[in-house]
Ligand SMILES: [Zn+2]
């Protein structure tokens, strides 16, 4: 018998000894290699049995509620402001390249959308750099999206009375 085949049956031998063929059991009893595997597996399983998940702190719910309340009371920051803050002061350094990439993508997409969405002619800004103008257009796009969102919610509330709702 090949030890590798036997060892794939060792979990069954531990959990349901009756389901394992007698020749397999006989091999494990006589083979030092398979016997050692069985003992290690049994030790691992008993260690898992003894393991207990750590208790959740009894103050968790209270702290979470306070954090949520603070967040709800805080003045609502524009998404551009939040993105800029995360880019500059983000606590996780790993997020920084990700945020930079997302901002670059947003600028590229926003610049493309700007031409289509904003009907008013862009006022000439002589002193501002292209980056500032991109950020301004991003801000205006955010307002457009907010308006679209609220229009969407309005039609949703209006229900069947709205002629545009499908
Ligand atoms: Zn063996």
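Quick note: the coordinates plus some simple rules give every number you see, no bench work behind them. What you see is a predicted model, and the numbers here were worked out from it, not measured in a lab. Ideal geometry is used to build each Cβ from the backbone, glycine not excepted, and the neighbour counts take in all protein chains shown.
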Simple label model, 7 Å out from Cα along Cβ direction - residue 82 to residue 56, nm: 2.4 nm
Prolate/oblate/rounded label for the stretch 3-50 (Cα gyration tensor, a/c 1.5): oblate
